[in-house]
Structures are given as structure tokens and as C-alpha cells.
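Okay, so here's the structure we're looking at.
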Amino acid sequence: MGYPFYLGMLYYAIGDSVLPPRIIKAFLGAYTCVLAYKIGRNNFGEAVGRLAGIMTMLVPNMIYYCGLHVKETEMVFLSICFTYLADKVIRANKARLWDIFLLILTVTLLFFFRTVLAGCLLGSVAITIVFSSSRISTMNKRVLLVLLLAIGTYVIALTPLADNITEHLEAGTSNLTSQMNSYATRGDGNNKFARYGSRSVFLPLMIMAPFPTFVDTLQPNAMMMAGAYFTRNVYAFFVIISLWTLYKRKQVRNHLLLLSSNFSYIFVLASSGFALSERFHLPLLPYLLIFAAHGISQMNAKTRKLYLPYLFFTLAVVIGWNWFKLAGRS
């Protein structure tokens, strides 16, 4: 609903040419890179922030969707903008009303682009307020944010958006099963192994996924993005290094907003029929790249020894994925 309304307003204002929306996408994509830099800087320091911004600028998926007439670029911008504003409000010594207003506006707009993603981000803010370190946010600010969150939740509960979220949560497992069975039995491009897909299968793979397809399965978009998928498989190593470093140094509570935003959406995605669909992974990319940049900054002689074995593991997984694609269609 949000994207058609946005396009309608744009076409009404400046005409129905396809060029202005693409130019706006380019600016939003560029500012997404700036926001990735700012979030990385605020959480992990200047060097990590710069690396995160550069990686976000160069990642193929973000460039690809700037040239398509779909909502992903705008949605990713809104999600990363919300995270930046929430992180800024939580970490600041004194919350500014303007930042709080922008925070509310951003999440409201995001609800009209992807309801579940907006719900995940709101839940992440709630988790951060309750469990984050006292060095990150004062008690007075936490009380204020809890009140705002409670009011926002109440307002959402009065709208059809609450029904959408409840319906998704209640039907998650059954929807996943029905979609997997549909993939296994549909006439065009079916895969008989798809019926074995489940949350327990997808969840361990979500940081690495999706995987490149090197066999002809009549999926030209997936084939075209194979290099981007393999890039994701490789930089997932640095994400894992970052997560392990935060755990070992007991810094998880200092970066709870990023972690909860990332893993709440991963859990929702793994519970859906789109767990390995690249388009639905796009909102995760800026968060993963920030963690990857942090992981790169934490590399040492010990972790460097793990990189080559990880690449061989990735190669084995990619070969297994392509066998799955090929054998399931035989």
C-alpha cells in the first residue's frame, strides 16, 4: 500500500516519467550508505563506520535495486533511518523532540511498506530499552521511551496493522509448510525437496544465505545476482567474527539495538516461505555490513587462520545448494 501511494503522489506532482523515481532512489541509496557509516561510527568507532559505509555503497544488491521499480530501496532507507534515529535517541545525553518526531514518522511510514519489518524494529527498540547497559541510556530516558512505546503500541492495536501482525505470527508455521509444499508440487520449476524446508533448517543458514545458483533453473534474476550472493556468503565470516567478539568481550548489551533488529527479522524471515529469497533479505544488508566491518577490524593472527577453512566450507555449501537445485528437479 505504501509504495503505490508514494508513486501516485510523485506522478501527480511531477508527471508519470520513470526517471524521477529512479533519481530519488539513487539519492536514498546514497544516504543509506551515509546512515550505515553513522551507525557504525556511533557503535564501533570512526574506522568501522567508514568501512561500513563503503561496503554498503559497493554491495551489488543495493545498486541493483536502485534500477528497479520496486519498493526495496525506499524500505531499506526507512529501516536504516529508523535504526539510526533510535540509536541516536537512546545514546544521546538528552533526547530531542525533533529526533523523536522523526523516529515516529519513520516507523509509521515503514508500517505501510512492510508491516512485519516495522514490528520487528519496534520490538528491537523495546528490547534495547529494557536490557541495554545503563552506560548507554539513563533511567529517565528509558521511562520516557517506554511511555512513548506504550502509546505507539496502543495506537497500532486500534488499527488493521495489528491484525496483520497477529495473523502473521499465528499462521507462521502453517504458511511456511504450505508454501514449501507449493514449491514442491507446482508445475513450473518445482523442486521435490522443497517440502523439507522448515524454520529449523533455514535458521542456521540465515547469516550466510542466500546462495548462488550455477545451474539453469529458469530463474534469470537469481542467475544474474549469483556474484552478489557469493559476496554475501564470504562476508558472513566477518559477521560471525564480530558477533563472537562482542560475546567474548561482554559487549552485547552495548549494541543491543543492532543485534535485536538483525536477529528479530532473521527469525521472522526463517519462519516464512521467503527464507532464501534475496529480495526479502535486503533490509538485513546494512546491519550485516556494519557487523562485517566491525569483524574485519577485529581480525588477528588467530582468526585469519579460520578464513581459508571457512571459504572451503562455503564452497561445499554452495555445491550442496546447487545439487539440491538440480536433484530436486530430476
Within region 28-47, the residues that are of a type in the set (D, E, K, R) and in contact (Cβ under 8 Å) with a residue 24 or more places away in the chain are Lys38
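Just for region 128-141: of the residues that are in a helix (DSSP H, G or I) and surrounded by 17 or more Cβ atoms within 10 Å (Cβ to Cβ), which one is modelled with the lowest pLDDT? Reasoning before the result, please.
Looking only at region 128-141, we keep the residues that are in a helix (DSSP H, G or I), and these are 128-131, 139-141.
Filter again for surrounded by 17 or more Cβ atoms within 10 Å (Cβ to Cβ), leaving 128-129, 141.
Working: Thr128: 86, Ile129: 83, Lys141: 67.
Taking the candidates together, the pick is Lys141.
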Scan region 91-127 for residues that are surrounded by fewer than 20 Cβ atoms within 10 Å (Cβ to Cβ), under 18 Å from the mean Cα position of the chain (by Cα) and outside any helix (DSSP H, G or I) and jot them down. Phe112
Selection count where residues are assigned to a loop (DSSP other than H, G, I, E, B) and among the charged types (D, E, K, R), scope region 207-232: 1
Which of (1) within 30 Å of Lys88 (Cα to Cα); (2) modelled with pLDDT of 90 or more does Leu311 not meet, given it meets every other one? (1)
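Please state which one of Ile63, Ile39, Ile54 is closer than 27 Å to Leu148 by Cβ and either assigned to a helix (DSSP H, G or I) or of a type in the set (A, V, I, L, M) (or both). Outline the logic, then answer.
Numbers: Ile63 fails: closer than 27 Å to Leu148 by Cβ; Ile54 fails: closer than 27 Å to Leu148 by Cβ.
Going through Ile63, Ile39, Ile54 in turn, just one is closer than 27 Å to Leu148 by Cβ and either assigned to a helix (DSSP H, G or I) or of a type in the set (A, V, I, L, M) (or both): Ile39.
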Exclusive hit being among the charged types (D, E, K, R) and either modelled with pLDDT of 90 or more or in contact with a Pro (Cβ under 7 Å, 6 or more places away or on another chain) (or both), set Arg199, Arg249, Arg195: Arg249
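Scan region 101-115 residue by residue and report those that are of a type in the set (Val, Ile, Thr), at pLDDT 85 or above and either touching a Leu at 6+ places or on another chain (Cβ under 9 Å) or at positive phi (or both). Steps first, answer last, please.
Of region 101-115, the ones of a type in the set (Val, Ile, Thr) are 104, 106-108, 115.
If we keep only those that are at pLDDT 85 or above too, we end up with 104, 106-108.
Of everything in region 101-115, those that are of a type in the set (Val, Ile, Thr), at pLDDT 85 or above and either touching a Leu at 6+ places or on another chain (Cβ under 9 Å) or at positive phi (or both) turn out to be Ile104, Thr106, Val107.
Would a scan of region 14-27 turn up a residue that is closer than 29 Å to Ser242 by Cα and loosely packed, with under 15 Cβ neighbours inside 10 Å?
Within region 14-27, the first condition is being closer than 29 Å to Ser242 by Cα, and the residues that meet it are none.
No; the residues of region 14-27 include none that is closer than 29 Å to Ser242 by Cα and loosely packed, with under 15 Cβ neighbours inside 10 Å.
Restricting to region 66-81, give me the number of residues that are outside any helix (DSSP H, G or I) and within 18 Å of the chain's Cα centre (by Cα).
Taking region 66-81 and keeping what is outside any helix (DSSP H, G or I), we get 67-71.
Retained after the next criterion (residues that are within 18 Å of the chain's Cα centre (by Cα)): 70-71.
Total meeting the criteria: 2.
The values are calculated or read from the model by the stated rules, or taken from the named source; none is laboratory data. Just so you know, these numbers come straight off a predicted model, no measurement behind them. In this analysis, Cβ positions are derived from the backbone assuming ideal geometry, glycine residues included, and neighbour counts consider all displayed protein chains.
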